[in-house]
Amino acid sequence: MNGPAAWRARLDQLGREVAKFGAVGALGTLVNFGVSNFLWHTTNLQAVRANIIATVIAIAFNYVGFRYFTYRDRDKSGRTRELTLFLAFSAVGLVIENGVLYMAIYGFGWDSSLQRNVFKVVGIGIATLFRFWSYRTWVFKTLPGRKTAAGAESFLGESQDGRDGRDGREDRRSDVQRTHR
């Protein structure tokens, strides 16, 4: 698959992935905000500590959502590796999110409930960009067969609809014949 059709297919696939990632992330964000605000208003925990607890709970929620919804079609063979990388990249996201909150509270003295929530949104936003990139690149890897097949089609000049990419005619040869030109 070459040209504009290939780009459109890739953009469509990326759009679906972003939408699924966003749906899981939105629910995880509700969990995160709910737990952090609950802890801020009902306990004597410092704001950043309470937020770390909320973020850890949201990370657990998000892993289940990403594994079984967003990236359910991705490679499942190395679960230990996947979970280790997920937790490592999530920890970096936790540091980004809570670093922004820490700077707002302890660096600038912005510690009202509204200010905490505003800077929580900023921190989550920055951390989400990092998490999306790292999860799709390193954690939930595409199955090797898909990339190989797409690369082979591209190399051979054939489109998905079975037409020969050179002149547009229907290619009625068997798969074996097509690979031995």
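The values are calculated or read from the model by the stated rules, or taken from the named source; none is laboratory data. Just so you know, these numbers come straight off a predicted model, no measurement behind them. Note that each Cβ is placed from the backbone with ideal geometry, even for glycine, and that neighbours are counted across all protein chains shown. Surface areas here come from the heavy atoms of the whole protein model, side chains and all, with no ligands, DNA or RNA. Shrake-Rupley method; radii C 1.70, N 1.55, O 1.52, S 1.80 Å.
For residue 114, state whether it is under 30 Å from residue 42 (Cβ atoms) and either open to solvent by 90 Å² or more (accessible area, probe 1.4 Å) or modelled with pLDDT under 95 (or both).
Working: under 30 Å from residue 42 (Cβ atoms): yes; either open to solvent by 90 Å² or more (accessible area, probe 1.4 Å) or modelled with pLDDT under 95 (or both): yes.
Taking the combined requirement at face value, the residue satisfies it.
Evaluate the following for residue 22: is it closer than 20 Å to residue 126 by Cβ, out of contact with any Lys or Arg (no Cβ under 7 Å at 6 or more places or on another chain) and modelled with pLDDT under 95? I'd like the intermediate steps shown before the answer.
Numbers: closer than 20 Å to residue 126 by Cβ: yes; out of contact with any Lys or Arg (no Cβ under 7 Å at 6 or more places or on another chain): yes; modelled with pLDDT under 95: yes.
So residue 22 passes the test.
Go over the candidates 58, 54, 47 one by one and state the one that is modelled with pLDDT of 95 or more, in contact with a Lys or Arg (Cβ under 7 Å, 6 or more places away or on another chain) and crowded, with 20+ Cβ neighbours inside 10 Å.
Sole residue among the options that is modelled with pLDDT of 95 or more, in contact with a Lys or Arg (Cβ under 7 Å, 6 or more places away or on another chain) and crowded, with 20+ Cβ neighbours inside 10 Å: 47.
For the range 75-111: of the residues being β-branched (Val, Ile, Thr) and modelled with pLDDT under 95, which is least open to solvent (accessible area, probe 1.4 Å)? Show your work before the answer.
Step one: of the range 75-111, the residues β-branched (Val, Ile, Thr) are 80, 84, 92, 95-96, 100, 105.
Restricting the remaining residues to those that are modelled with pLDDT under 95 gives 80, 84.
Values: 80: 111, 84: 85 Å².
Checking each candidate, the answer is 84.
Quick check: is even one residue across the range 82-89 assigned to a loop (DSSP other than H, G, I, E, B), closer than 23 Å to residue 17 by Cα and of a type in the set (Asp, Glu)?
Within the range 82-89, the first condition is being assigned to a loop (DSSP other than H, G, I, E, B), and the residues that meet it are none.
No, the range 82-89 has no match at all.
Among the residues of the range 70-85, are any in contact (Cβ under 8 Å) with a residue 24 or more places away in the chain and more than 15 Å from the chain's Cα centre (by Cα)? Explain how you work it out, then say what you get.
Taking the range 70-85 as the starting set, the residues that turn out to be in contact (Cβ under 8 Å) with a residue 24 or more places away in the chain are 70-71, 73-75, 82, 85.
Cutting the leftovers down to more than 15 Å from the chain's Cα centre (by Cα) gives us none.
No, every residue in the range 70-85 fails to be in contact (Cβ under 8 Å) with a residue 24 or more places away in the chain and more than 15 Å from the chain's Cα centre (by Cα).
Taking the residues in the range 117-143 that are of a type outside the set (A, V, I, L, M) and open to solvent by 90 Å² or more (accessible area, probe 1.4 Å) as candidates, determine which candidate is modelled with the highest pLDDT.
Ranking the qualifying residues of the range 117-143, first place goes to 133.
Tell me yes or no: at least one residue of the range 10-19 is modelled with pLDDT of 95 or more and open to solvent by less than 60 Å² (accessible area, probe 1.4 Å).
Among the residues of the range 10-19, not one is modelled with pLDDT of 95 or more and open to solvent by less than 60 Å² (accessible area, probe 1.4 Å), which makes the answer no.
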